[in-house]
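S.K.: What follows is a structure written as structure tokens; I'll ask about it next.
The values are calculated or read from the model by the stated rules, or taken from the named source; none is laboratory data. Values in this document were obtained by computation on a predicted structure and should not be read as measured data. When we count neighbours, we look across all protein chains shown, and the Cβ atoms used for this are built from the backbone with ideal geometry, even at glycine.
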Amino acid sequence: MSQKFHFICRKCGERIEGFEQWFGNQQKCPKCGDSKINTVYSTDKNKLRELLETNVKPDSLWHYFDFLPLNDRKNIVSDGEGASPIERWEFLEKYAKDKYGINNKVFISRNDYSPATGTFKDKGGTLAASVLKENGIKEYVVVSTGNTANSFAQYLAKAGISATVFMPQDAERENFVHIGSMGQKVYIVKGDYAFAKKVAADYAKNNKILITLGNLDPLRLEAKKTSTFEIIRQLKKMPDVYIQAVSGGTAPLAVEKAFADFEETGILGKMPRMLFAQGSYCDPQVVAWKKAVANNFPEGWEFDYPIFENPKTLVPTIATGNPGLFPFLGKLVKRTNGDYFSIREESAVDMGRLVAYEKAVKIGPASAIGILGYFEALKHNAIKDGESIFINMGEGVRRSLSFVQELSYTIEEITSADEAKRFNREKYRDFVWKPFI
Ligand SMILES: Cc1ncc(COP(=O)(O)O)c(C=O)c1O
Ligand SMILES: [Zn+2]
């Protein structure tokens, strides 16, 4: 029986003793059968204060072992993920100053540095592999639009656990080959993400194999919770505004969980205002939010969201057409006085070029949508003078070859030195800024 942590069913309040019981019951509450649980720790919460005051850069998110649902450190399967640097990007601040006369500080989470797969999904990957190893699980099912699939497949491979991965057919192709190359199994499901989820769930059920439970799965949520700790450790103070491209919503729900867990200690300060961005071809949460705002939040507004079937999107990584967790995310946005923005997906390339030009950092399309969320928020007066902004940038460009090809604009073929001209990169400054001026 686990003493370090236990679970409480979010629906009926039943106590579940730990993963042995949870996995043994096929990830369902023994009393009501629901699959949404909350993780509760018995560790003294003030211990977090010490962990945040360290002067040594943590090796990984396992710095927060005391607040993660693993019993024995010897089961940790890690690749140095989760303590990614948070950087101030001054060109984004200057943009706000020059265009809107607003002074703010903009912090970017460099999850693209994550050693395993270059995305913030590596946080869930390390925790999932470690917990599954601790519990003697040998086979696992993953369904994802790409990044979670990659990360889980890699960490499970490292732990010697077989991963059967289901992805929708429009996922970035590189995902399939990266996973396939590690000897983990890939099924490309002919249909959208919602359909891939159904096929994966049926497969897992028929074969009695454990499967990722989605955005509230403790294996993902508890790992992502550490991002909030890292903000405080690195910046010493929670920024006023949190911006992210949202799909299912694991990362912001994990911020909420961190605040809920440590509320009485005051360690994390005030919850930031949540500003969420979605790609314009798959933005059901934006549509639902706008409707709720227009109708002044009528009773049950949070359950009134559209379902986009087979969305044709340029950013499949964040295309959740059936936003089952809108009831949680919408309420989070409302509670923090936040907002939702729909982002023109064609602009992702422009943003990718701008960031690569200004910072020499190659971001992925989902990250571009997040940063465009900041630009959109400025345009809608949703950021005030003097505020600090945190952008949870989720990915580098490692698995989006088509996107990086589109970013490029300097390539020329020649046959002699005479054809090559002297080069000064300054001449491209106007070009990369033009879409945003
Ligand atoms: C790079 C990137 N950004 C954003 C998201 C959205 O994450 P969330 O589950 O927090 O909505 C994802 C995952 O789907 C992602 O891979
Ligand atoms: Zn229950």
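S.K.: Considering only helices (runs of 4 or more DSSP H) fully contained in segment 162-261, which possess at least 2 residues that are aromatic (Phe, Trp, Tyr)?
M.R.: 193-207
S.K.: If you don't mind, another one. With the structure loaded, tell me whether LYS4 is within 16 Å of ligand 1 (Cβ to nearest atom) and either within 18 Å of LEU221 (Cα to Cα) or not hydrophobic (A, V, I, L, M, F, W, C) (or both) or whether it fails that test.
M.R.: no
S.K.: Is it the case that some residue within segment 46-60 is of a type in the set (Gly, Ala, Ser), within 16 Å of ligand 2 (Cβ to nearest atom) and out of contact with any strand residue (DSSP E or B) (no Cβ under 9 Å at 6 or more places or on another chain)?
M.R.: No, segment 46-60 contains no residue that is of a type in the set (Gly, Ala, Ser), within 16 Å of ligand 2 (Cβ to nearest atom) and out of contact with any strand residue (DSSP E or B) (no Cβ under 9 Å at 6 or more places or on another chain).
S.K.: Please enumerate the residues belonging to segment 22-34 that are surrounded by 17 or more Cβ atoms within 10 Å (Cβ to Cβ) and touching a residue at least 60 places away in the same chain (Cβ under 8 Å).
M.R.: Residue satisfying the conditions is GLN27 alone.
S.K.: Continuing with the same structure: With segment 318-410 as the region, which helices (runs of 4 or more DSSP H) entirely inside it contain at least 2 residues that are more than 23 Å from LYS434 (Cβ to Cβ) and either among the basic types (Lys, Arg) or more than 21 Å from the chain's Cα centre (by Cα) (or both)?
M.R.: Qualifying helices (runs of 4 or more DSSP H): 326-335.
S.K.: Let me ask another. Mind listing whichever residues of segment 138-161 are more than 16 Å from ligand 1 (Cβ to nearest atom) and out of contact with any Phe, Trp or Tyr (no Cβ under 7 Å at 6 or more places or on another chain)?
M.R.: LYS138, GLU139, TYR140, ALA157, LYS158, ALA159, GLY160
S.K.: Moving on to the next point. Which condition breaks for GLU90 when tested against (1) in the same structural domain as SER109 (by TED's automatic domain parsing); (2) over 24 Å from the mean Cα position of the chain (by Cα); (3) of a type outside the set (A, V, I, L, M, F, W, C)?
M.R.: (2)
One line per residue, one yes/no per condition, for (1) farther than 19 Å from SER109 by Cβ; (2) out of contact with any Gly (no Cβ under 6 Å at 6 or more places or on another chain):
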{"site": "GLU358", "(1), (2)": "no, yes"}
{"site": "PRO365", "(1), (2)": "no, yes"}
{"site": "ALA368", "(1), (2)": "no, no"}
{"site": "HIS380", "(1), (2)": "yes, yes"}
{"site": "PHE403", "(1), (2)": "yes, yes"}
{"site": "SER416", "(1), (2)": "yes, yes"}
{"site": "ALA420", "(1), (2)": "yes, yes"}
{"site": "LYS427", "(1), (2)": "yes, yes"}
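S.K.: Quick check on LEU216: is it over 25 Å from LYS379 (Cα atoms) and modelled with pLDDT under 95?
M.R.: yes
S.K.: Taking segment 279-320 as the region of interest, how many residues are touching a Phe, Trp or Tyr at 6+ places or on another chain (Cβ under 7 Å) and within 21 Å of GLU376 (Cβ to Cβ)?
M.R.: 13
S.K.: I would also like to ask the following. Filter segment 255-291 for residues that are small (Gly, Ala, Ser) and surrounded by fewer than 23 Cβ atoms within 10 Å (Cβ to Cβ); which is farthest from ligand 1 (Cβ to nearest atom)?
M.R.: Top of the filtered list is GLY266.
S.K.: Within segment 237-254, which residues are more than 9 Å from ligand 1 (Cβ to nearest atom) and touching a strand residue (DSSP E or B) at 6+ places or on another chain (Cβ under 7 Å)?
M.R.: Scanning segment 237-254 gives PRO239, ASP240, VAL241, TYR242, ILE243.
S.K.: Output the qualifying pairs, or none if there are none: Cβ atoms under 8 angstrom, residues six or more apart or on different chains, first residue in segment 245-262 and more than 14 Å from PHE390 (Cβ to Cβ) and touching a residue at least 12 places away in the same chain (Cβ under 8 Å), second residue of a type in the set (Gly, Ala, Ser) and near ligand 1 (Cβ under 6 Å from one of its atoms).
M.R.: Matching pairs, first to second residue: SER247/ALA366.
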